[in-house]
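Below is one structure, written out as structure tokens; comments come after it.
The values are calculated or read from the model by the stated rules, or taken from the named source; none is laboratory data. On a predicted model such as this, the values are computed, not experimentally measured, just so you know. Positions of Cβ are generated from backbone atoms using ideal geometry, with glycine treated the same way; all protein chains shown enter the neighbour counts. Accessible surface is based on the protein model in full, side chains and every heavy atom, while ligands, DNA and RNA are left aside. Shrake-Rupley method; radii C 1.70, N 1.55, O 1.52, S 1.80 Å.
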Amino acid sequence: MTRLRVCVLGSTGSIGVNTLDVMARHPGRYEVFALTAQHRVEELAQQCLTWRPRYAVLPDALRAEQLRLRLEGSGVTVLCGAAALEEVASHPEVDAVMAAIVGAAGLPPCLAAARAGKRLLLANKEALVVGGALFMSAVEAGGATLLPIDSEHSAIFQCLPEERERWPATIDHILLTASGGPFRTREPLSLRDVTPAEAVAHPNWVMGRKISVDSATMMNKALEVRAARGLFDLEPAPIRVVIHPQSIIHSMVVCCDHSVLAQLGTPDMRVPIAYGLSWPQRVISGAEQLDFMRLSALTFEPADPLRFPGLQLAWETLSARPGSTAVLNAANEVAVEAFLSGALRFDQIHAVNLHTVEQALPEAGEAESLEGLLALDARARSVAGARVKALAP
Ligand code: NAD
Ligand code: MG
């Protein structure tokens with residue numbers, strides 16, 4: 001069997017590390033072609049020495065030089081800059097790309113991989129939220145195989161028939177489950193006092209800082225709703241969100257005959273990662289088995305719109321003009337970054353998002369090209385940044 005050559009974008013992050021963990025369990029099936037990161041030079045160097053990829057990529061020249069010195073004689077070629085991400089993601093010798101960069105920064109390499117017809121393992125939901133129809137048409141034009149890695153999207157994908165043509169007739173609606181994050185029962189008025197450490201302490205999942213804050217505001221679910229619409233070709237109506245605090249059911253498909261299919265498992269991203277890597281087969285992931293004898297009750301509740309106003313805003317942008325969800329995503333990235341650095345209160349993240357969605361309106365046709373989307377993203381970031389400054393304590 002020839003080994004699948006994998007490019008891991010964002011290899012030092014939570015998803016990247018879990019991806020390498022799964023791959024290490026199957027040395028006969030997978031090899032690393034390229035690894036990329038943003039800051040953590042030493043971690044990337046260690047990964048390179050273990051995996052001996054053809055390429056390693058860092059965005060800035062200084063860090064790339066540090067990595068070059070560290071990897072002298074190892075046979076790894078160090079590249080630098082955003083264009084190099086696109087180059088490795090679309091390289092003719094790459095079979096699969098794990099898209100695990102956080103935020104809209106992951107869009108250009110995702111598009112490059114899609115256009116080059118790769119097996120594209122999409123953890124980076126923001127790329128699809130921003131890229132929208134442009135992203136999905138690149139997948140189609142390039143003949144890429146898009147495999148969702150987000151646990152909810154993977155759950156839905158695992159519940160659906162293998163032939164995509166059967167999806168529309170099969171699905172009545174989709175139920176995306178959400179844990180409700182760390183503040184599901186916290187007194188809403190006290191949300192203004194939330195610290196970054198509290199916000200990133202997710203009750204069930206260990207994840208990167210940005211997605212952890214998004215889980216606390218439920219913006220993560222909003223982004224997942226938008227991404228699900230692209231992935232499963234659904235209009236907004238057939239997607240519903242339900243809070244399921246135990247994070248055991250990862251999402252459900254309600255079929256046209258009202259049979260409900262669900263995917264269950266311990267909250268461990270190695271399960272969807274292993275499925276993406278091995279699809280349509282399955283391989284050992286390293287995740288613990290679910291022990292039904294020790295499982296507490298599985299409970300469900302609606303999302304409280306007052307506690308989680310971002311969810312409502314996301315529904316509104318879904319039906320607004322194309323590009324609106326890209327604006328919301330950019331605002332949210334700026335607001336979360338500001339919150340994590342102490343420049344914004346937790347409850348002000350929504351204020352920044354709302355203001356930006358109202359002020360930075362997409363122009364006609366802007367969402368139809370990468371250049372247009374990047375310009376829109378930049379405009380939204382500048383509006384959001386100004387709002388953060390205005391709200392600064
Ligand atoms: P993380 O912050 O732990 O890691 C992000 C990775 O991307 C790092 O390797 C970082 O160096 C790199 N990176 C960040 N900004 C970059 C930039 N501008 N240019 C190039 N590289 C950059 O994040 P994560 O939790 O692993 O999440 C990655 C993606 O997967 C996100 O889109 C997130 O929403 C999604 N996701 C994560 C989980 C999870 O359990 N962590 C679950 C579902 C979906
Ligand atoms: Mg998820």
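The table below gives the values:
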{"read-out": "Pairs where the first residue, in the stretch 9-31, is open to solvent by 40 Å² or more (accessible area, probe 1.4 Å) and the second is in a helix (DSSP H, G or I) and more than 16 Å from ligand 1 (Cβ to nearest atom), C-beta under 9 Å, 6+ apart", "value": "R29/S278"}
{"read-out": "Hits in the stretch 186-208 - residues which are outside any helix (DSSP H, G or I), of a type outside the set (K, R) and touching a Lys or Arg at 6+ places or on another chain (Cβ under 9 Å)", "value": "V194, P203"}
{"read-out": "Matching residues, the stretch 339-360, being under 18 Å from R321 (Cβ atoms) and either at pLDDT below 95 or crowded, with 17+ Cβ neighbours inside 10 Å (or both)", "value": "N353, L354, H355, T356, V357, A360"}
{"read-out": "Residue within the stretch 364-385 that is over 18 Å from G323 (Cβ atoms), part of a helix (DSSP H, G or I) and modelled with pLDDT of 95 or more present", "value": "yes"}
{"read-out": "Selection count where residues are among the hydroxyl-bearing types (S, T, Y), away from ligand 2 (no atom under 16 Å from the Cβ) and in a loop (DSSP other than H, G, I, E, B), scope the stretch 154-185", "value": "1"}
{"read-out": "So P267, is it under 23 Å from L175 (Cβ atoms), open to solvent by less than 80 Å² (accessible area, probe 1.4 Å), of a type outside the set (D, E, K, R) and not in a loop (DSSP other than H, G, I, E, B)", "value": "no"}
{"read-out": "Subset of the stretch 116-144 [within 16 Å of ligand 2 (Cβ to nearest atom), in contact with a Gly (Cβ under 7 Å, 6 or more places away or on another chain) and outside any helix (DSSP H, G or I)]", "value": "L121, N124"}
{"read-out": "Test: residue in the stretch 69-88 that is within 16 Å of ligand 2 (Cβ to nearest atom), open to solvent by less than 50 Å² (accessible area, probe 1.4 Å) and within 21 Å of the chain's Cα centre (by Cα)", "value": "no"}
{"read-out": "Members of the stretch 220-233 that are away from ligand 2 (no atom under 13 Å from the Cβ) and open to solvent by 20 Å² or more (accessible area, probe 1.4 Å)", "value": "R229, D233"}
{"read-out": "Output for the stretch 253-306, where each listed residue is under 19 Å from L160 (Cα atoms), within 23 Å of the chain's Cα centre (by Cα) and of a type in the set (S, T, Y)", "value": "Y275, S278"}
{"read-out": "S151 within 16 Å of ligand 2 (Cβ to nearest atom) and of a type in the set (S, T, N, Q)", "value": "yes"}
{"read-out": "Any hit, the stretch 370-391, residues being touching a helix residue (DSSP H, G or I) at 6+ places or on another chain (Cβ under 7 Å) and under 25 Å from G180 (Cβ atoms)", "value": "no"}
{"read-out": "Lone unmet requirement of (1) within 12 Å of ligand 2 (Cβ to nearest atom); (2) modelled with pLDDT of 95 or more for A199", "value": "(1)"}
{"read-out": "Selection count where residues are within 25 Å of F157 (Cβ to Cβ) and in a helix (DSSP H, G or I), scope the stretch 273-309", "value": "7"}
{"read-out": "Residues of the stretch 186-218 satisfying the condition of being among the basic types (K, R) and within 14 Å of ligand 1 (Cβ to nearest atom)", "value": "R209, K210"}
{"read-out": "Any pair with Cβ under 8 angstrom, 6 or more apart, that starts in the stretch 189-213 at a residue that is not assigned by TED's automatic domain parsing to the domain that holds I15 and ends at one that is within 15 Å of ligand 2 (Cβ to nearest atom) and among the β-branched types (V, I, T)", "value": "P196/V213; A199/V213; V200/V213; G208/I15; G208/V102; K210/V102; I211/V102"}
{"read-out": "Residue within the stretch 319-326 that is crowded, with 24+ Cβ neighbours inside 10 Å and assigned to a loop (DSSP other than H, G, I, E, B) present", "value": "yes"}
